[in-house]
Amino acid sequence: MCFAPLSPGLAQSGSDANETVVSYSEFLQDLQDKKVTKVDLYQEQRLAKFRLEGQSESDPPKEVYLFDRNPELVEYLRRSGVSFTVVPAGNDRAVVGLISNLMLGFFILFIFLMIIRRTSSGSGGPGQILNFGKSRARFQIEAETGVTFGDVAGIEEAKEELQEVVTFLKNAEKFTAVGARIPKGVLLIGPPGTGKTLLAKAIAGEAGVPFFSISGSEFVEMFVGVGASRVRDLFKKAKESAPCLVFIDEIDAVGRQRGAGIGGGNDEREQTLNQLLTEMDGFEGNTGIIVIAATNRPDVLDSALLRPGRFDRQITVDLPSYKGRRQILDVHARDKKVADDVSLDTIARRTPGFSGAELANLLNEAAILTARRHKKAITTLEIDDAIDRVTIGLTLTPLLDSKKKWLIAYHEVGHALLMTLLKNSDPLNKVTIIPRSGGVGGFAQQVFDEDRVDSGLYTRAWLLDQITILLGGRSAEVEVFGDAEVTIGASSDLRAVANLAREMVTRYGMSDLGHLALETPGNEVFLGRDLMPRSEYSEEVAVQIDRQVRQIVSHCYDIARKLIRDHRLLMDKLVDVLLEQETIEGDQFRELVRQYSDLPVKEPSWHSPPVPTPAPVAYDLSHGPIAE
């Protein structure tokens, strides 16, 4: 340790701790007595080491601490003739500083490398953060996805089309012998959850060829030209591994229409799309590379991407039919314990419009409910509760007897009664006043006709009945409680009524305006459309549209009011049962209608004149409904 005392007295105190250290006065006395033979001066440490006459070489030299400044000592040594050496200042501090800076630099470099490693761990390997232009596609020599065509159900047409692609890759001679050319691209189109990505996994599992998979959003970055570079790198790797498959998920992220939208689109995205178009079918061919892409928005894709030669096949993966739903349920029920009395056929009939992902989620929710209730197998009760939970919401605590409960009961019975009475309506499945999450106080649920849902063909009579059913809740409130007690519970019903009635007039040609489609859906700006949508009709026609919509809604509302008023006693009975049971199944509800209805149910005529609005019926909550 180096230190400099302010006075020789401090050095004297140090001599007590070390015999080789002497005081400054002793050192001067030895110099005067000519006992010092050699002196080494360490100016940086303010220290002097000296040897005395007769001192052995093996003995350590004496040490003395000097003042901060004493140039007279050097002059005195020179006059005395004592041999002395001035030891130059050592670079210890500089070395220590250099070492500290190097350690700090190495530490910063280590942190930077760790960041690079962590960032690149999710994008294909170390160092990828520096290779912006490299493709981030996951590559597998033989994709072990664990999924085959046997695991894909409910979309047999799409499977058949894609099985040909797999056969092309495995046995191309079978097709080239008759002049057939291998398709360059296959575009999977369909709503979310229908199994597009699952089909791609099945192709990877069946083909046994190199497989590249990437998302459309991974092409485009904030740096200009990165997307196009990644496309080039992807197809370069694919050419080296041909024949192979390239799967691009959510291709609409990079393949949207060029030169559309606010500001003309994104230049970087358009450059990426241009490079993709060139690679798929440009000056140089890509023999043996099949591109499979998936999207649920084909309407926003660029037309150059959809032409033959790029995507030669466009396969629609639609919502499954009853047969498809039954097959999907078989697949997802393999690893679940289902009670013997549970009918998958019944579940398939009760779930029209469900996608494959929704059916899988349905059985999973049923299994969770089964475990929560400490049962060993999934029963029909768990299936029913799971369907309600998926379609409507989580069951909440039932309401206590109150005015709110009476209002909800009459509202829901109004819907359910019209579902039962109207000729063209789908039958009632259940009606309940048990609240659900999301602000649902109760609901009346229909079992929609499977053929109608699968085909998408809805008749004018069905649409009018549906509007009447939606107005049944508000009509019941007005008939029973009066206009002053009408609640906002019908707000969602009224929105659905307005949409249906307007579509009947403007899209389906089901009004006095004639067989004209006056509006076209899907003109949103963010989908790559024009900034200012073109008006498709004049202001005069707009007034007529509003008048026609109002007439349809008013006519259906009058029909709903008339039916509820004609069956008011029946409604009171049904409400009493609903308040007691809180849930009435469809078969029980229809039996109650037949039991308590004195007159046969009359079907309304849509061409009859509107019914005048009657005066509201008095209702006393403290004593229940008052008979008319």
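The values are calculated or read from the model by the stated rules, or taken from the named source; none is laboratory data. Remember, predicted model here, so these are calculated numbers, not experimental data. Please note: Cβ atoms are built from the backbone with ideal geometry, for glycine as well, and neighbour counts cover all protein chains shown.
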Cβ-Cβ under 6 Å, sequence separation 6+ or interchain: first residue in the stretch 286-302 and modelled with pLDDT of 85 or more, partner of a type in the set (S, T, N, Q). Which pairs? D302/Q257
Being of a type in the set (A, V, I, L, M, F, W, C), out of contact with any helix residue (DSSP H, G or I) (no Cβ under 7 Å at 6 or more places or on another chain) and more than 21 Å from Q327 (Cα to Cα) is the filter here; which residues of the stretch 188-213 pass it? A204
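Assess whether I368 counts as being over 26 Å from the mean Cα position of the chain (by Cα), of a type in the set (A, V, I, L, M) and modelled with pLDDT of 85 or more.
no
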If you take the residues in the stretch 143-197 that are small (G, A, S) and part of a helix (DSSP H, G or I), which one is nearest to C244 (Cα to Cα)? A158
When the stretch 436-476 is examined, which residues are found to be of a type outside the set (A, V, I, L, M, F, W, C), crowded, with 23+ Cβ neighbours inside 10 Å and touching a Ser or Thr at 6+ places or on another chain (Cβ under 7 Å)? G442, D465
Only one of A294, A304, A357, A339 is within 17 Å of E382 (Cα to Cα) and of a type in the set (A, V, I, L, M, F, W, C); which? A339
Residues of the stretch 427-444 being out of contact with any Pro (no Cβ under 8 Å at 6 or more places or on another chain) and in contact (Cβ under 8 Å) with a residue 24 or more places away in the chain, which ones? P427, L428, N429, K430, V431, T432, R436, S437, G438, V440, F443, A444
Could you list, ordered by first residue, the pairs with Cβ atoms under 6 Å in which the first is in the stretch 375-393 and at pLDDT 90 or above and the second is of a type in the set (K, R) and not in a helix (DSSP H, G or I), at least 6 apart or interchain? A377/K337
For the structure I just gave you, tell me whether M114 is over 30 Å from G216 (Cα atoms) and either in a helix (DSSP H, G or I) or modelled with pLDDT of 75 or more (or both). no
Which of the residues spanning the stretch 198-218 are touching a residue at least 60 places away in the same chain (Cβ under 8 Å) and part of a strand (DSSP E or B)? F211, F212, S213, I214
Among the numbered conditions (1) buried (at least 18 other Cβ atoms within 10 Å of the Cβ); (2) more than 17 Å from K239 (Cβ to Cβ), tell me where L306 comes up short. (1)
Conditions (1) closer than 21 Å to A560 by Cβ; (2) not in a loop (DSSP other than H, G, I, E, B); (3) not aliphatic (A, V, I, L, M): number failed by D451: (1)
I need the full set of residues from the stretch 12-33 which are in a loop (DSSP other than H, G, I, E, B) and either modelled with pLDDT of 80 or more or not assigned by TED's automatic domain parsing to the domain that holds V86 (or both), in order please. V22, S23
Identify, please: which residue in the stretch 43-80 is part of a helix (DSSP H, G or I) and without any contact (Cβ under 8 Å) to a residue 40 or more places away in the chain and is, among those, nearest to S23 (Cα to Cα)? L73
